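Student: Before I ask anything, here is the structure I am working with.
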Amino acid sequence: MSSRLSIPVIMCGGAGTRLWPVSRESMPKQFVPLVEARSTFQQVLGRIRDQTMFERPIVITNSDFRFIVAEQMRECAIEGDIVLEPIRRDSAMAVGVAAALAAARDPASIVTVLAADHVVRDPDAFAGACREAVAAAADGRIVTFGIPPTFPATNYGYIRPGAKLGGGPAFAVDAFVEKPDAATAGRYIADRYLWNSGNFVFRADVMLSEIARFEPGIAEAAKVAVGGMTKDLDFLRLPAEAFAQVPKKSIDYAVMERTERAAVVPVDCGWSDIGSWGAVWDALGHDADGNTAAGSVVFLDSHNNLAHSDEAILTAVVGVDNLVVVATPDAVLVTSRDKAEQVKDLVERLKAQNRQQAVTHLRVYRPWGYYQGVDTGARYQVKRIVVNPNATLSLQKHFRRSEHWVVVRGVAEVTIGSETRTIHENESIYIPIGSVHRLANPGTMPLELIEVQVGDYLGEDDIVRLTDQYGRN
């Protein structure tokens, strides 16, 4: 077994539409606490804390999620390099970038690529598999983790293991096979196939060589992207030009299904990709009637249901079986558990109808905190705004609305024009149309206020940022 360290690379860019309405493009599933008090991204961060196994991590994410990633890493007290993709191009390009970044440290460095949205119930078993995978990767293999199937799943890819490699638990891969129908999945289980977990361990130079062999355009684009990377605040931003012509392709299609270097380490670690509400039901504990709940939920004469509710919404489930019921402040989902995979198609239909709920929540996160819609009328809008301690909003103005702020908790520092005032709890201030203004929280506790906007247009694009410490102007 190898004692070499590896560079953990967390892939953190997915949209997670199958878990709508909790997961949406503005706040996808990897950042949401679905099966624990922590998000799955934070759970992955917890699995790479061991400094006897892992070096400083790299997180590859979309630019829209950069401040969410930074905040959740801060909450876990973990530092790393946050790399921003300008355009989503699936996992082949992301793995190419990861390999190129690792090769810049050391061409022979070992890289462990982990998905940000997976659950592992037995982290010790997973850590042991990582050590075994590092040993196989050091010998030039591209290793994936194979999960022993627990049922004939039709939504996972499968791996047919081949000959054993050396004295460890790794096997050569005879074949990767696509998602099967139920009968074929049953045969795969009988023949001891493994689920493909979609997590990989490899030597940086080996992966770069294989990408260049099978997908030279992706290899070249990854090299150019890393060479043209620029620093933006605490982030590393990849250039858009390098991504523009690259096809969307997964690393499975690009390399793993074609390389002779593929290997698999079987590991029974309580893994799930949490790919649907049905998978969430599987991952959670159940009561005596097979029900599982999160939030404010009551069951009566109901069996084998999943109910997920916002704490402010009492959700009652009566006299039904095998349902998924998800209640959020602005959308409710009801589906049978065996049809939960169709939620992705539902989201596409909602987008086609230009439904805002398809992509955004009422609560919208910003680098300084968040705001949440409370009420909207023909010429007004009410929001709840929470500003983190010592955080500052941009210096800005609006052309078509005025704003009224009432502080309900904490202390606000408000600048209007050349005047700065301190506003305490139960005090208010008025921001006229066109006024240059800024809101800051000088305190050590969150600042909470109620904002009432009044005007003939209330869209977020009626913001002119004059100066912004987060680089958004």
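Student: Does ARG38 satisfy the condition of being under 14 Å from VAL69 (Cα atoms), more than 10 Å from the chain's Cα centre (by Cα) and open to solvent by 10 Å² or more (accessible area, probe 1.4 Å)? It would help to see each step written out before you state the result.
Tutor: Details: under 14 Å from VAL69 (Cα atoms): yes; more than 10 Å from the chain's Cα centre (by Cα): yes; open to solvent by 10 Å² or more (accessible area, probe 1.4 Å): yes.
Judged against the criteria, ARG38 is a match.
Student: Here is a further query. Restricted to segment 154-211, and to residues that are over 30 Å from VAL97 (Cβ atoms) and in contact with a Lys or Arg (Cβ under 9 Å, 6 or more places away or on another chain), which residue is modelled with the lowest pLDDT?
Tutor: Applying the filter and picking the extreme gives THR154.
Student: Which number in (1) modelled with pLDDT under 95; (2) buried (at least 22 other Cβ atoms within 10 Å of the Cβ) marks the one condition that LEU284 misses?
Tutor: Single failed check for LEU284: (2).
Student: Right, something else. Go through segment 200-251 residue by residue and tally those that are of a type in the set (Val, Ile, Thr), surrounded by 15 or more Cβ atoms within 10 Å (Cβ to Cβ) and outside any helix (DSSP H, G or I).
Tutor: Taking segment 200-251 and keeping what is of a type in the set (Val, Ile, Thr), we get 201, 206, 211, 218, 224, 226, 230, 246, 251.
From what's left, surrounded by 15 or more Cβ atoms within 10 Å (Cβ to Cβ): 201, 206, 211, 218, 224, 226, 246, 251.
Adding the requirement that they be outside any helix (DSSP H, G or I) leaves 201, 246.
Residues flagged as of a type in the set (Val, Ile, Thr), surrounded by 15 or more Cβ atoms within 10 Å (Cβ to Cβ) and outside any helix (DSSP H, G or I) within segment 200-251 amount to 2.
Student: Here is a further query. Of the numbered conditions (1) over 22 Å from PHE67 (Cβ atoms); (2) assigned to a strand (DSSP E or B); (3) over 31 Å from the mean Cα position of the chain (by Cα), GLY434 fails exactly one; give the number of that condition.
Tutor: Condition not satisfied by GLY434: (2).
Student: Continuing with this model, one more query. Can you name the residue in segment 273-308 that is within 18 Å of LYS339 (Cα to Cα) and assigned to a strand (DSSP E or B) and is also nearest to the chain's Cα centre (by Cα) among such residues?
Tutor: Filtering segment 273-308 for residues that are within 18 Å of LYS339 (Cα to Cα) and assigned to a strand (DSSP E or B), the one nearest to the chain's Cα centre (by Cα) comes out as HIS308.
Student: Next question. Among the residues of segment 141-182, count how many are in a loop (DSSP other than H, G, I, E, B), among the small types (Gly, Ala, Ser) and under 17 Å from ILE251 (Cα atoms).
Tutor: Taking segment 141-182 and keeping what is in a loop (DSSP other than H, G, I, E, B), we get 141, 148-157, 165-170, 178-181.
Now restrict to residues that are among the small types (Gly, Ala, Ser): 153, 157, 166-168, 170.
Now restrict to residues that are under 17 Å from ILE251 (Cα atoms): 157.
Total satisfying the criteria: 1.
Student: Here's another thing I want to ask about it. Test of understanding: among VAL387, VAL374, VAL408, which residue is open to solvent by 60 Å² or more (accessible area, probe 1.4 Å), at pLDDT 95 or above and either within 21 Å of ASP330 (Cα to Cα) or β-branched (Val, Ile, Thr) (or both)? Step through it out loud before you land on a result.
Tutor: Values: VAL387 fails: open to solvent by 60 Å² or more (accessible area, probe 1.4 Å); VAL374 fails: at pLDDT 95 or above.
After ruling out the rest, the residue left standing is VAL408.
Student: Still on this structure, please answer the following. Of all residues being over 17 Å from PRO57 (Cβ atoms) and not charged (D, E, K, R) in segment 99-136, which is most open to solvent (accessible area, probe 1.4 Å)? Just the residue, please.
Tutor: Residue satisfying both the conditions and the ranking: PRO107.
Student: Give the residues of segment 317-356 that are within 15 Å of GLY16 (Cβ to Cβ), in contact with a strand residue (DSSP E or B) (Cβ under 6 Å, 6 or more places away or on another chain) and in a helix (DSSP H, G or I), sorted by residue number.
Tutor: Once the filter is applied, which keeps residues that are within 15 Å of GLY16 (Cβ to Cβ), in contact with a strand residue (DSSP E or B) (Cβ under 6 Å, 6 or more places away or on another chain) and in a helix (DSSP H, G or I), segment 317-356 yields only ALA340.
Student: Turning to a different aspect of this structure: With VAL22, VAL44, VAL97 as the choices, which residue is assigned to a loop (DSSP other than H, G, I, E, B) and touching a Leu at 6+ places or on another chain (Cβ under 8 Å)? Show your work before the answer.
Tutor: Numbers: VAL44 fails: assigned to a loop (DSSP other than H, G, I, E, B); VAL97 fails: assigned to a loop (DSSP other than H, G, I, E, B).
Answer to the check: VAL22.
The values are calculated or read from the model by the stated rules, or taken from the named source; none is laboratory data. Note that the structure is predicted; figures quoted are calculated from it, not measured. Heads up, the Cβs are rebuilt from the backbone with ideal geometry, glycines too, and the neighbour counts pull from every protein chain shown. Heads up: the accessible areas ignore ligands, DNA and RNA and are worked out on the full protein's heavy atoms, side chains in. Shrake-Rupley method; radii C 1.70, N 1.55, O 1.52, S 1.80 Å.
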